[in-house]
Amino acid sequence: MVAGARSHVSLLVAMLLASLAAAHAGCGTKSNDAPADGGDLDASPSADDGGAPHDAGTIVVGPVDCKTDLDKDGLEKHLKCAPLYTDIAQKTVAPGALPYTPGLPFWSDGAEKQRWLMLPANTQIDTTDIDTWLWPVGTSAWKEFKLDGKRIETRVYKKRANDWTFATYQWAADESDAVKITGGAQVSRGAGQEPYVIPSINDCAMCHDGQKDKLLGLEAVNLGTPGTVGLTLDALVAMNLLTKVPSQTTVAFPEDTTGKAAAALGWLHVNCGVCHNEHAAAGGQSHLYLLTKPSLLFVGDGGTLPPVASLPAWTTTVDQQSDIALPSDAGPGNYLLIKRGSPTASLISVLAHARVPANQTPSDKTQMPPLVSRIVDPVGLQKVDDWITALP
Ligand code: HEC
Ligand code: HEC
């Protein structure tokens, strides 16, 4: 933690909460204000719902005229009419949709995911600054979520001339089409199970503003991590899609004497670092940096990786006091962010293990990530706990 940031604790916390609330209320409205959902829906979630979650299974799609389907936000109201699919009944995607799976996936409560990148013809990704890739106008990225093999939602981020527009489409029960919704939804996963949460349009920027040009998984560390499928750095170079070829095409996190650092750092990078970095509001305010920037790891073939203890994910956490008082806390300072040897005394682990019940709204005091997720990532978080436990 940065020493100067430790004073005026309660004021800081109040400011954080206020700015979080403001960001939450304000984001996404520019590109996405009140799109009119199609009139052919039966009790579907709509823009008028004020963000109230709906139960799913109510999406029924009637006849759709794709000629008049484009919404005010520049996105189609129906996925059937959007450029991702050439034949949605057969689930045939457009030839230009490049499928990929990042080596470090974000945990989405156990949903199975498929992602696609679509770049306009004859364009490249501006990779001049390896830490901040810039996308050509017209870029779109899609991410589909399935539960028990059934399509639930498909999200899109699309770059326009001056901004990005984004949305999610909720699938009809028969998977014939999906409809753009703005208020989010809760999808039942069966009795006694936490629901699956489809984020509202106001949630997207909470995470996606953590990168200057919005896309989170399409970056050099993630795509350079072994296990990436489809759009590896090698593939991007081979397709001539990068303006500047990186110094190497696979990356590794450094290791320490525990032998467990690299796995933990990789999980923290994508699951927490998207918000906890210098660029994002959460990082700036908490001075908690869990992202490992590409420039730290792209040292060139044969170069020496920086020691684990020099990375921001270590220097801002290990032995560092937290000044955030949790509701369950007697007061600030009860936890270290990472206490060597003890996950249960490490706020990083405690908040990542916490989830509020389905009838409550999560917040940055009650769980991490502070929104959408209702189920802890058992396998991923174990890697962090194993590292903390092993730290001498
Ligand atoms: C809690 C954080 C979080 C929220 C909320 C969130 N996303 Fe993401 N999203 C991520 C992360 C992290 C990735 C990259 C890792 C991955 O794909 O598994 C990602 C990936 C994506 C991608 C693939 C391209 C990329 O950025 O890598 C799309 C498209 C996307 N999200 C759309 C959306 C939309 C639309 C919303 C709101 C309806 C949304 N997301 C809400 C965290 C979030
Ligand atoms: C959607 C963005 C977002 C994501 C993703 C996220 N956080 Fe946070 N986090 C916040 C915000 C906002 C706060 C409260 C303000 C602050 O201190 O930055 C916070 C606060 C914290 C704090 C308290 C900071 C302190 O000074 O004591 C910890 C610890 C924390 N987060 C850990 C995590 C971990 C671990 C993950 C990944 C499992 C994670 N966060 C993912 C936004 C996020």
Determine by what factor the alpha-carbon radius of gyration of region 35-208 differs from 2.2 N^0.38 Å, reporting the quotient. 1.03
Taking the mean number of other Cβ atoms within 10 Å as a proxy for protection, how do you rank 60-68, 264-272 from highest to lowest? 264-272, 60-68
Could you order peptides 222-231, 92-101 by the average number of other Cβ atoms within 10 Å of their residues, highest first? 222-231, 92-101
At 1.4 Å probe size, with every protein chain present, just tell me what the per residue accessible area of region 35-208 comes to in Å². 42 Å²
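What does the net charge come to around W107 if you take all other residues with beta carbon closer than 13 Å to its beta carbon, with K and R at +1 and D and E at -1?
Values: positive: K113, R355, R374, K383; negative: D109, E112, D377.
Counting the neighbours of W107, the net charge comes to +1.
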Given a cut-off of 25 Å, name the pairs among K180/K244; K72/K159; K77/K159; K77/K212 whose C-alpha atoms lie farther apart than that in the structure shown. K180/K244; K77/K212
Carbon and sulfur atoms: what percent of the 1.4 Å accessible area of region 197-315 do they account for? 58 percent
Counting only residues 5 or more places away or on other chains, whose amide H sits under 5 Å from the amide H of V93 once H atoms are built in the peptide plane? T86
Please list 3J(HN,Hα) in residue order for region 266-276, calculated via the Karplus relation 6.51 cos²θ - 1.76 cosθ + 1.60 where θ = phi - 60°; whole Hz, with x for glycine and proline. x, 5, 5, 4, 8, 7, 10, x, 4, 9, 8
Consider just the alpha-carbon atoms of region 96-146 and return their Rg together with their Dmax, both in angstrom. 12.9, 37
Given T389, P362, S349, which one lies farthest toward the positive end of the charge dipole of region 346-392, if we put +1 on the Cβ of every Lys and Arg and -1 on the Cβ of every Asp and Glu? P362
Which of Q90, L134, L117, positive extreme of dipole for region 61-153 (C-beta unit charges): Q90
Hz values of 3J(HN,Hα) by residue in region 372-386 - Karplus curve (6.51, -1.76, 1.60), Gly and Pro given as x: 6, 5, 10, 10, 6, 7, x, 6, x, 5, 4, 5, 5, 4, 4
Measure off, as a whole percent, the carbon and sulfur share of the 1.4 Å-probe accessible area of region 72-167, all protein chains present. 51 percent
Amide hydrogen neighbours beyond the local backbone of E76, cut-off 5 Å, H modeled: D71
Among 132-140, 175-183, 233-241, how do they line up by average Cβ neighbours within 10 Å per residue, starting with the highest? 175-183, 132-140, 233-241
Need the C-alpha centroid separation for region 356-392 versus region 272-311, integer Å. 20 Å
Spelling out what I want: for every residue of region 142-157, take phi, set θ = phi - 60°, compute 6.51 cos²θ - 1.76 cosθ + 1.60 (Karplus), and round to whole Hz; glycine and proline get x. 10, 9, 9, 10, 10, 10, 6, x, 9, 5, 10, 8, 10, 9, 9, 10
With the dipole of region 35-208 defined by +1 on each Lys or Arg Cβ and -1 on each Asp or Glu Cβ, the option from F166, Q186, Y100 whose Cα lies farthest towards the positive pole is Y100
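The values are calculated or read from the model by the stated rules, or taken from the named source; none is laboratory data. Owing to the predicted nature of the structure, the values given are computational and were not obtained by experimental measurement. Positions of Cβ are backbone-derived with ideal geometry, glycine not excepted, and every protein chain shown enters the neighbour counts. Remember, those area values only see protein heavy atoms, side chains included, never the ligands or the DNA or RNA. Shrake-Rupley method; radii C 1.70, N 1.55, O 1.52, S 1.80 Å.
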